[in-house]
Amino acid sequence: MENEELVKITSGGTVSIPKQFRKFLEMQKGDYVKIVLEGDHLIVKRVIIS
């Protein structure tokens, strides 16, 4: 699996996580992610809420 993918931001600010990334991380619709701003990078982290 490649660890890089180009995605487009929608007019509403939505960014889609590519299917192969969601599958690898076992992410489902309704899961939560944390978005962290580090310098000029956005980091998206999977969060498990039990």
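When only Cα pairs below 8 angstrom with a gap of at least 6 residues are kept, the chain shows a relative contact order of 23 percent.
Kindly count the pairs of lysines across the chain whose alpha carbons are less than 16 Å apart, treating pairs on different chains or eight or more residues apart as eligible.
Working: LYS8/LYS19; LYS19/LYS29; LYS19/LYS45; LYS23/LYS45; LYS29/LYS45; LYS34/LYS45.
Final tally of qualifying lysine pairs is 6.
Throw me the Rg/Rh for the chain, computed over C-alpha atoms with Kirkwood Rh, two decimals.
Numbers: Rg = 11.8 Å, Rh = 12.4 Å.
Using only Cα positions, Rg/Rh for the chain is 0.95.
The simple Förster model, with R0 at 22 Å and r as the Cβ-Cβ distance, assigns LEU37 and THR14 a FRET efficiency of 0.80.
For region 30-50 and region 1-23, what is the separation of their Cα centres, given in Å? Taking the Cα centre of each part, region 30-50 and region 1-23 sit 13 Å apart.
Helices in the chain, meaning DSSP H runs of at least 4 residues, each add -39500 (n - 2.57). Divided by all residues, the mean residue ellipticity at 222 nm is -2500 deg cm²/dmol.
Magnitude of the charge dipole for the chain, about its Cα centre and with charges confined to Cβ atoms of Lys, Arg (+1) and Asp, Glu (-1), is about 280 debye.
The numbers here are math on the coordinates, done by the rules we state, and not lab data. For clarity, every value in this text was computed on a predicted model and none was experimentally measured. Neighbour counts run over all protein chains shown; Cβ positions are idealised from the backbone, glycine included.
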